[in-house]
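The values are calculated or read from the model by the stated rules, or taken from the named source; none is laboratory data. Worth saying up front: this structure is predicted, and the values here are computed from it rather than measured. So basically every Cβ, Gly included, is an ideal-geometry build from the backbone, and we count neighbours across all protein chains shown. Quick note on the areas: whole protein, heavy atoms, side chains included, nothing else; ligands and nucleic acids left out. Shrake-Rupley method; radii C 1.70, N 1.55, O 1.52, S 1.80 Å.
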Amino acid sequence: MGKFDTLRRSQLITPFGIGSMIDLPEETFITAGLDVWPSETSQNDIKEAVLNDTTIRDERLEKRLTKLLGRSVNYFLSPTVGRSPMGYTEPPQNQHMKFYRFPSWLQCPNCKVLKYFPLDYSKTPRCTNPTRLFEGTGQMCSSMRRGPIMKPVRFLIACPDGHIDDFPWSRWVHGDNENDCSGGSGDLYLLSSAQADLTGIYVQCKKCGKKRSMGSASNKQSLKKILFENKCTGRNPWLGKNHNNDDCANDPQLVYRASSSIYFANTISSILIPPYSKAINVYLNNNRRLWSDIEDFFDDGATKVNGNLEINQTIIKYLERAALRAQFDKEIFIETVKNKYLNQSANIEAEDVDDEKFRFKEYMAFSNNVRPALEDRNDFDIYPCDLSKYENWVSEYFMKIIRVERLKETRAFTGFSRIKPINPGEEKIQINRNNKNWLPAIEVRGEGIFLEFNFEKIEDWKSIFKEFGKGENLDNQIKQNERLKKPNFTRRSGTNDVMMLVHTFAHLFIRQLSFECGYDASSLKERLFVGKDGEQEMCGVLIYTASGDAEGSLGGLVERARPGLIENTIRSAIDEAHFCSNDPICHETDRQGLEGFNVSACHSCVLLPETSCEHNNLLLDRRCVIGTFDNPEVGYFSELMGG
């Protein structure tokens, strides 16, 4: 089994996407760019097998990203599955993903020497140093049966755009006089003294005896002075050793290899909804050769008249034969093909880049009272529940409860940044040498529960809670941060009290479901639908399984939406919101959490695992749900408490 075969497909999108470093038990690597993915390096039948196994289609998301990124995105590819242990028959699509060794400078844990290893060095790096910096009686690394495994150094340099490079060890210790000493790999030693922080760490050259503390390495100006062009090196190690460095004017800064700010992946997700989830459309997407032939026929023999396609008898006969082979109704098949071709050639500028408008179509699909046809339920299947079968109070708070029996979510990787997060589409870094017409992605298949809040109840609650709500203040802070070009940790362009109510309820609901439905909290995910598209408002939440490597789900989540079960879950979730081990401090605090974007919410009462929350565990307030200590009646669910 290879070093990386234990990595799951979903992990190679986030948190170990392109440009991220992966710490294995004894080595560290960086995930390579798209140019060396198996779909690009394989040939002939193996390439075809890889494409068939990893291609993902979501036409709505493709069009959105085409407009957002300003380049064609025609499909998505998931990472490949690693090869199994020797002795098993391997399918051709099981190809290794590519990784480079980075950092390139490694340190011996025994003698403390620094040595350089190229990106493509594949063997386990061991120290064979025949000397030591100071005299002693300890055993030399070169005299050991197997030298110590070299460990990656903890210091690197990076810039906010995403470039990253090894720390310039030789120039740091030698300064402008680097050419006066030939000391480099194998001559430099990274040592520690009794002094605290970085001043107690220093680099020393054995050849010339010079040494320098790392104390000033965190100073940007000190770091700039020792670089050749007094600016960021523009290095992209994930693109390989032969890629030219970018011209980057940013100031580089010292970063720690294990720092949480060294990598921020950007992803955009989409739920596959009708008509894209219909069986015929999915069949056409999965049969690339068939669709390519159909496109050729339509390009030559189809005429657009008043927004409709007119096709000749030759094309009709061809489509009828294709429908017969796939066992589809001929007329429905032909009509679907025509609509798909028209939709594909539609003006890309009409697509929604705004997240609220993009989600509104999903909201309308989930709130639909009609279940999809039997043959169209493989990727999207909802079951509208009859509210009259639930306890009377349910209809007071919710307009709809939908059992989402099946869904498919596509999560596409658009790029990354370092030091501070940025929004998808704002990336300045390359994830490939030559532009591709595809992006990395994974698909999640699972189940869920969709709840639509009662709009009349929401309007009444807004007027009551207005005096106590902090949504407007937090919305102003988000917009101020945007004007000042500060990082937007909330991953949202604005907020209000209603959004914070729905978000907080989603967290409480997930925490309670994790006790009841057989999934742990990290396997459940929220998808919020709050906002408007024109004059039409949306106010709902989808709770669904978020495991990226499981085909299907266990069924326990959907089961909780049945009458007699979901009432107890909601009531228990609201009751649990009253109890926090940090109360009364948590309940009475106006601002807490990262940059003060939470109100009454902490790890003891509301927060979830990072994989479950869309907004970085921010924009949460228990008081929206249960009211305040002095005014419990202002909570949305205040009448339900203790019931």
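Provide a single number: the residues in segment 584-625 that are open to solvent by less than 10 Å² (accessible area, probe 1.4 Å) and among the β-branched types (V, I, T).
The number of residues fulfilling the criteria is 3.
Could you tell me whether S182 is hydroxyl-bearing (S, T, Y), open to solvent by 30 Å² or more (accessible area, probe 1.4 Å) and closer than 30 Å to G33 by Cβ?
No.
Picking from G162, G215, G209, which residue would you name as being touching a residue at least 60 places away in the same chain (Cβ under 8 Å), in a loop (DSSP other than H, G, I, E, B) and either open to solvent by 50 Å² or more (accessible area, probe 1.4 Å) or not polar (S, T, N, Q) (or both)?
G162
If the requirement is being open to solvent by less than 10 Å² (accessible area, probe 1.4 Å) and touching a Gly at 6+ places or on another chain (Cβ under 8 Å), which of these qualifies: V394, V444, V337?
V444
Is there any pair linking a residue in segment 500-523 that is under 24 Å from I478 (Cβ atoms) to one that is open to solvent by 30 Å² or more (accessible area, probe 1.4 Å) and at pLDDT below 95, with Cβ under 7 Å and at least six apart or on different chains, and which?
L508/E576
Being in contact with a helix residue (DSSP H, G or I) (Cβ under 6 Å, 6 or more places away or on another chain) and open to solvent by 20 Å² or more (accessible area, probe 1.4 Å) is the requirement here; does R171 meet it?
Spelling it out, R171 is indeed in contact with a helix residue (DSSP H, G or I) (Cβ under 6 Å, 6 or more places away or on another chain) and open to solvent by 20 Å² or more (accessible area, probe 1.4 Å).
Surrounded by 16 or more Cβ atoms within 10 Å (Cβ to Cβ), touching a Gly at 6+ places or on another chain (Cβ under 6 Å) and outside any helix (DSSP H, G or I): does that describe I30?
Considered against the rule, which asks whether it is surrounded by 16 or more Cβ atoms within 10 Å (Cβ to Cβ), touching a Gly at 6+ places or on another chain (Cβ under 6 Å) and outside any helix (DSSP H, G or I), I30 comes out as no.
When residues of segment 23-59 are filtered for being more than 26 Å from Y121 (Cα to Cα) and of a type in the set (D, E), how many remain?
Selection size over segment 23-59: 5.
Does E452 count as more than 20 Å from I56 (Cβ to Cβ) and either of a type in the set (K, R) or part of a strand (DSSP E or B) (or both)?
Yes.
State whether one or more residues within segment 412-419 are more than 30 Å from G234 (Cα to Cα) and either surrounded by fewer than 22 Cβ atoms within 10 Å (Cβ to Cβ) or among the hydroxyl-bearing types (S, T, Y) (or both).
no
Could you tell me which residue of segment 221-238 is modelled with the lowest pLDDT, considering only residues that are surrounded by 14 or more Cβ atoms within 10 Å (Cβ to Cβ) and of a type in the set (K, R)?
The qualifying residue modelled with the lowest pLDDT is K224.
Can you tell me which residue is farthest from Y121 (Cα to Cα) among those in segment 207-256 that are β-branched (V, I, T) and under 32 Å from the mean Cα position of the chain (by Cα)?
V255
Select from segment 1-27 the residues that are of a type in the set (A, V, I, L, M) and surrounded by 17 or more Cβ atoms within 10 Å (Cβ to Cβ) and list them in ascending order.
Residues satisfying the conditions are L7, L12, I13, I18, M21, I22.
Return the residues of segment 367-380 that are open to solvent by less than 40 Å² (accessible area, probe 1.4 Å), farther than 24 Å from Q536 by Cα and out of contact with any Leu (no Cβ under 7 Å at 6 or more places or on another chain); say none if nothing qualifies.
D376 - this is the single residue of segment 367-380 that is open to solvent by less than 40 Å² (accessible area, probe 1.4 Å), farther than 24 Å from Q536 by Cα and out of contact with any Leu (no Cβ under 7 Å at 6 or more places or on another chain).
Which condition from (1) among the acidic types (D, E); (2) crowded, with 18+ Cβ neighbours inside 10 Å; (3) not in a strand (DSSP E or B) is the one that D460 breaks?
Only one criterion is unmet by D460, namely (2).
Quick test of your reading of the structure: N476 fulfils all but one of (1) surrounded by fewer than 18 Cβ atoms within 10 Å (Cβ to Cβ); (2) under 18 Å from the mean Cα position of the chain (by Cα). Name the failing condition by number.
Just one mismatch for N476, condition (2).
I'm told K436 meets every condition in (1) touching a residue at least 60 places away in the same chain (Cβ under 8 Å); (2) out of contact with any Gly (no Cβ under 7 Å at 6 or more places or on another chain); (3) open to solvent by 10 Å² or more (accessible area, probe 1.4 Å); (4) within 23 Å of Y363 (Cα to Cα) except one. Can you identify the failing condition by its number?
(4)
Any idea which of (1) surrounded by fewer than 20 Cβ atoms within 10 Å (Cβ to Cβ); (2) closer than 30 Å to T66 by Cα; (3) in contact (Cβ under 8 Å) with a residue 24 or more places away in the chain is the one K485 doesn't satisfy?
Here K485 clears every test but (3).
When you scan segment 238-291, how many residues do you find that are within 25 Å of R154 (Cα to Cα), touching a Ser or Thr at 6+ places or on another chain (Cβ under 7 Å) and of a type in the set (S, T, N, Q)?
2
Tell me which residues, restricted to segment 370-389, are of a type in the set (S, T, N, Q) and in contact (Cβ under 8 Å) with a residue 24 or more places away in the chain.
If the condition is that a residue be of a type in the set (S, T, N, Q) and in contact (Cβ under 8 Å) with a residue 24 or more places away in the chain, then N378 is the only one that fits.
Examine segment 284-302 for a residue that is buried (at least 19 other Cβ atoms within 10 Å of the Cβ) and under 21 Å from the mean Cα position of the chain (by Cα), and state whether such a residue exists.
No, that holds for no residue.
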